[in-house]
Amino acid sequence: MAIRNIREIGDEILNKKCKEVTEMTDRTRYLIEDMLDTMYEAGGVGLAAPQVGILKRIVVIDVTGEDPYVLINPRIVESGGEQTGSEGCLSIPGKAGIVTRPNYVKVAAQDAEMNPFELEGTELLARAICHELDHLDGHLYVEKVEGDLTDVVPAEEDEE
Ligand code: NI
């Protein structure tokens with residue numbers, strides 16, 4: 001397991017469309033483990049493979065810190081409602097912006113064993129799913145932001 005370098009806005013890999021995962025390999029298993037480690041290390045609630053430079057349709061999400069989801073080839077099959085709130089991205093450090101998203105989504109995906117499953121989320125989980133899936137098609141939240149980006153204080157400073 002290893003912490004990978006997180007690509008930041010301006011890196012053109014973040015604007016590219018990712019490819020479907022067709023089979024699970026050791027290489028992809030290591031990638032998923034590294035994505036989880038990298039997300040936790042950075043204090044994020046989600047991370048998509050292109051953010052660590054890999055153009056594969058894989059995201060990891062954990063909005064509580066103890067309930068990680070691995071979504072391979074995810075697609076939203078149902079959505080509803082609306083929420084407007086602050087959103088950030090590990091690829092745009094120190095910034096946040098207001099984005100409107102569905103308040104409910106159902107996503108169909110495959111897990112780390114490539115078994116199909118569905119996941120439903122509301123509120124922050126729904127927001128994280130939408131945000132991470134956008135990454136797989138080369139989109140960043142700044143394309144959807146209402147108003148200006150604001151500066152946020154890094155979490156590390158709270159711990160000192
Ligand atoms: Ni992001």
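Residue-by-condition table, conditions (1) of a type in the set (S, T, N, Q); (2) assigned to a helix (DSSP H, G or I); (3) open to solvent by 60 Å² or more (accessible area, probe 1.4 Å):
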{"site": "Ile98", "(1), (2), (3)": "no, no, yes"}
{"site": "Val107", "(1), (2), (3)": "no, no, no"}
{"site": "Glu120", "(1), (2), (3)": "no, no, yes"}
{"site": "Glu132", "(1), (2), (3)": "no, yes, no"}
{"site": "Gly138", "(1), (2), (3)": "no, no, no"}
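Kindly indicate whether any position in segment 75-91 is within 14 Å of the ligand (Cβ to nearest atom) and open to solvent by 50 Å² or more (accessible area, probe 1.4 Å). Yes, segment 75-91 contains a residue that is within 14 Å of the ligand (Cβ to nearest atom) and open to solvent by 50 Å² or more (accessible area, probe 1.4 Å). Determine if segment 26-43 includes at least one residue that is modelled with pLDDT of 95 or more, part of a strand (DSSP E or B) and of a type in the set (A, V, I, L, M). Scanning segment 26-43, I find no residue that is modelled with pLDDT of 95 or more, part of a strand (DSSP E or B) and of a type in the set (A, V, I, L, M), so the answer is no.
Go over the candidates Val152, Val142 one by one and state the one that is within 16 Å of the ligand (Cβ to nearest atom) and either in contact with a Cys (Cβ under 7 Å, 6 or more places away or on another chain) or at pLDDT below 95 (or both). Selected residue: Val152, the only one of Val152, Val142 that is within 16 Å of the ligand (Cβ to nearest atom) and either in contact with a Cys (Cβ under 7 Å, 6 or more places away or on another chain) or at pLDDT below 95 (or both). Of all residues in segment 50-66, those satisfying the criterion of being at negative phi and not in a strand (DSSP E or B) are Pro50, Gln51, Val52, Ile54, Leu55, Arg57, Asp62, Val63, Thr64, Glu66. Considering only residues in segment 19-52 that are more than 13 Å from the chain's Cα centre (by Cα) and open to solvent by less than 20 Å² (accessible area, probe 1.4 Å), the one that is farthest from Tyr141 (Cα to Cα) turns out to be Thr28.
Against the numbered list (1) away from the ligand (no atom under 16 Å from the Cβ); (2) on the phi < 0 side of the Ramachandran plot, Tyr69 comes up short only at (1).
Considering (1) at pLDDT below 95; (2) in contact with a helix residue (DSSP H, G or I) (Cβ under 7 Å, 6 or more places away or on another chain); (3) among the small types (Gly, Ala, Ser), the lone condition that Gly65 does not fulfil carries the number (2).
The values are calculated or read from the model by the stated rules, or taken from the named source; none is laboratory data. Just so you know, these numbers come straight off a predicted model, no measurement behind them. Ideal geometry is used to build each Cβ from the backbone, glycine not excepted, and the neighbour counts take in all protein chains shown. Only protein heavy atoms, including side chains, enter the accessible area calculation; ligands, DNA and RNA are left aside. Shrake-Rupley method; radii C 1.70, N 1.55, O 1.52, S 1.80 Å.
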